[in-house]
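The structure appears below as structure tokens.
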Amino acid sequence: MNAIPSTLQPDTSPKSAKAPTGAELVVSALRAEDVDMVFGYPGGAIMPLYDALPGSGLKHILVRHEQAAAFAADAYARATGKAGVCLATSGPGATNLLTGIANAYMDSVPLIAITGQVGTAVLGTDAFQEIDIFGMAMPVVKHSFLVRRAEDIPKIIAEAFQIATSGRPGPVLIDLPKDVAQSRVEKPNSATIKPVTYRTPDPVAIAKAETLLKRAKRPVLYIGGGVVKAGAVEALRRFNMLAGIPAVSTLTGLGVLPTDSADFYGMLGMHGAKTANTLVQEADLLLVCGARFDDRATGKLDTFAPDARVIHLDCDPAEIGKLRDADAGVPGDLKSALESLAVGILDISPWRARAQDLRTRHKFNYNAPGAGIFAPAFLEELSRKAGERFVATCDVGQHQMWVAQHCHFSRPDAHLTSGGLGAMGYGIPAGIGAKLANPENCVVTVTGDGSIMMNIQELATIRRYGVALKIVLFDNSTLGLVRQWQELFYEENFSEVDLYDNPDFASVARSFGVEAFTVSRREQTSAAIDRLLNTKGSVLAHVRIDPRENVWPLVPPGKSNAEMMERKS
């Protein structure tokens, strides 16, 4: 395990014996919630909170853009299972958090965003750096608080953490006016919170689900990211060890079953495995666990699994029947629902044989033509060599889909990606958050030449805190996924996708104090991966690839998952 750099050691010097300020109450309330690390960037309205940080026992990670604070806190939450915390000042600081807050909302990640606000006396007057972040964030949070009285802070913080982490997790915003943060409090209000009770599975629904499973001849286990959020990974693994149902997953469900498992057949959907999509289209039953029938997974919805009945297990009752009617809907605690299903090994031997045959026939060919580096082969070898401690934090684009298709994941927290929002710029801040959360892991950010420029300034954060992050930068001098769509669906009218003027990324990284090297030939692949994994500290591998390379297979927009386009011979 890597030693924690001196810059990460918390300051434990004594504080003043005066009555605490609102800001000091925030800090003590965060400590009461077992928070040890926060990500942020200071400014005028949030300054009282920053004044309370030294000596608090909290370690603050100074990012170089507030969006990166939210992304890093998001990944920290995914890696630890605890709520991540990010801080920003009012006005542009708060609005810069919004993309990261929305990302956490779309992927159901527990996040606490604390923003500074102008003093209560000038609220509503268009004061300097005043913005209604409470109103702006409403569509992308589970709940928001505007703190009016400093004595309420312990209760508000406790409620915020409970809301963020219970049920279907998500982000909570706390907007803190500067005068409230500065005021001293003799008697803070109690932070006592009632425990959350979870809905137990309906025995009638469970019995119906069991009947459907026992009658099915071609069942498919359809795994979503909600399994992870429900703490039901081990329950699902135990269930399917007995039942032996061919399984597929969404992008955010990868790793719930190890991707090398005999029962796992890949990601489904737009860039899913042909085997996975074929199995779903032929299924007579879908056992849907913690998934929401997202359009990127289903393709044209009215053609999705046309002959399948549906059992839908989800902690959020609103998801059941929202897009696809459920023959047996089981809302409530997903872990309990899986443990309640009394189903042994199913009598589906011909179906299992069909699944194995499809896997053999549609096995991916890593021997692509040409002398250049083939990104899928690079990633497959990288994840295999990195082993059990491998964690990928992905940006968004072609490289994101290649990671999902070709990397090996033994657990869900090994694959951290912006799923629902699809936010470019997530990769490096997420890598920082994931590595600081679990320094013993081999955390690799996989990014592209378009995505890295969104938050490239965070190389400075990597250097400052000695974060031993490995970065794989696939450079095709184009916005690859947009270019691919323009090639296939817009008659090759390539509009604003040419990144011919990219900098020398290796030189840029070195200027930030990060070791870097460039490779472009296929025979360099193994040596490049070995150097990446064996380098102590942070390192960036600048990997040049063919700009004409596309992600295959592909379900065209508006088409059925049965209509997959594939690489031409």
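Only the coordinates and a few stated rules stand behind these numbers; no lab work does. Quantities reported herein were computed from a predicted structural model and do not represent experimental measurements. Cβ sites come from the backbone with ideal geometry, for glycine too, and all protein chains shown count toward neighbours.
Sorted fewest first by neighbouring Cβ atoms within 10 angstrom, GLU563, GLU159 come out as GLU563, GLU159.
Go through 530-537, 26-33 and give me the packing order, highest mean Cβ count within 10 Å leading.
On the way: 530-537: 14.5, 26-33: 19.8.
Put in order of decreasing packing, that is 26-33, 530-537.
What aspartates and glutamates could a cross-link reach from LYS217, if we take a straight Cα to Cα line under 14 Å and drop same-chain neighbours fewer than 8 places away? The reachable aspartates and glutamates, counting only those whose Cα sits under 14 Å from LYS217, are GLU282, ASP284, ASP307, ASP347. Modelled spin labels at ARG463 and SER520, positioned 7 Å past Cα toward Cβ, are 2.6 nm from each other. The packing ranking of peptides 286-297, 344-355, highest mean first, is 286-297, 344-355, where packing means the average number of other beta carbon atoms within 10 angstrom of each residue. By other beta-carbon atoms within 10 Å, ranking THR525, THR393 with the fewest at the front produces THR525, THR393. Which distance in Å, rounded to a whole number, links the C-alpha centroids of the stretch 170-246 and the stretch 301-350? Their Cα centres are 15 Å away from one another. From least to most packed, judged by other beta carbons within 10 angstrom and beginning with the fewest, ILE206, ILE193, ILE133 follow the order ILE193, ILE206, ILE133.
Apply 1/(1 + (r/R0)^6) to the Cβ-Cβ distance of ILE345 and ARG567, taking R0 = 41 Å, and write down the FRET efficiency to the nearest 0.05. Please report the intermediate quantities before stating the final value.
Values: r = 37 Å, r/R0 = 0.90.
Efficiency, rounded to the nearest 0.05: 0.65.
Per-residue 3J(HN,Hα) values for the stretch 431-443, derived from phi via the Karplus relation 6.51 cos²θ - 1.76 cosθ + 1.60 with θ = phi - 60°, read x, 4, x, 5, 6, 5, 5, 9, x, 6, 7, 8, 8 Hz in sequence order (x marks Gly and Pro).
Paramagnetic label reach from ARG352 (point 7 Å along Cα→Cβ; backbone nitrogen cut-off under 15 Å): within the stretch 248-268, residues 261-265.
Where does the charge balance sit around THR115 when Lys and Arg score +1, Asp and Glu -1, over other residues with C-beta under 13 Å from its C-beta? Walk me through the intermediate numbers first.
On the way: positive: LYS178; negative: GLU66, GLU130, ASP132, ASP175.
Within the 13 Å Cβ shell, the charges total -3.
Spin-label model, GLN129 to LEU323: label points 7 Å out along the Cα-to-beta-carbon direction sit 4.0 nm apart. Once the C-beta distance of GLU210 and ARG411 is scaled by a Förster radius of 30 Å, the resulting FRET efficiency is 0.60 to the nearest 0.05. Please enumerate, by chain and number, the lysines with C-alpha under 25 Å from the C-alpha of LYS435, excluding those fewer than 8 residues away in the same chain. Partners within reach: LYS59, LYS82, LYS229, LYS385, LYS470, LYS536. Along the stretch 545-555 the Karplus relation, 6.51 cos²θ - 1.76 cosθ + 1.60 evaluated at θ = phi - 60°, assigns HN-Hα couplings of 10, 5, x, 8, 6, 10, 8, 10, x, 8, 8 Hz to successive residues, with x for each Gly and Pro.
Once you sort the root eigenvalues of the Cα gyration tensor of the chain as a ≥ b ≥ c, which label holds: rounded (a/c under 1.5), prolate (a/b larger than b/c) or oblate (the other case)? Oblate shape, in that a/c is at least 1.5 and b/c is the bigger or equal ratio. Phi angles of the stretch 302-309 translate, via the Karplus equation with coefficients 6.51, -1.76, 1.60 and θ = phi - 60°, into HN-Hα couplings of 6, 10, 7, 6, x, 9, 9, 7 Hz per residue; Gly and Pro are given as x. Against the longest principal axis of the chain, how steep is helix 480-489, in degrees 0 to 90 to the nearest 10, with axes from Cα atoms? Value to nearest ten degrees: 50.
From largest to smallest, what semi-axes in whole angstrom does the stretch 375-544 give when each is the square root of 5 times an eigenvalue of its alpha carbon gyration tensor? Don't jump to the answer; show the numbers that get you there.
On the way: eigenvalues 115, 63, 51 Å².
Three semi-axes, in Å: 24, 18, 16.
The shape of the stretch 53-209 can be summarised by an equivalent ellipsoid whose semi-axes, obtained from the alpha carbon gyration tensor, come to 29, 19, 16 Å from longest to shortest.
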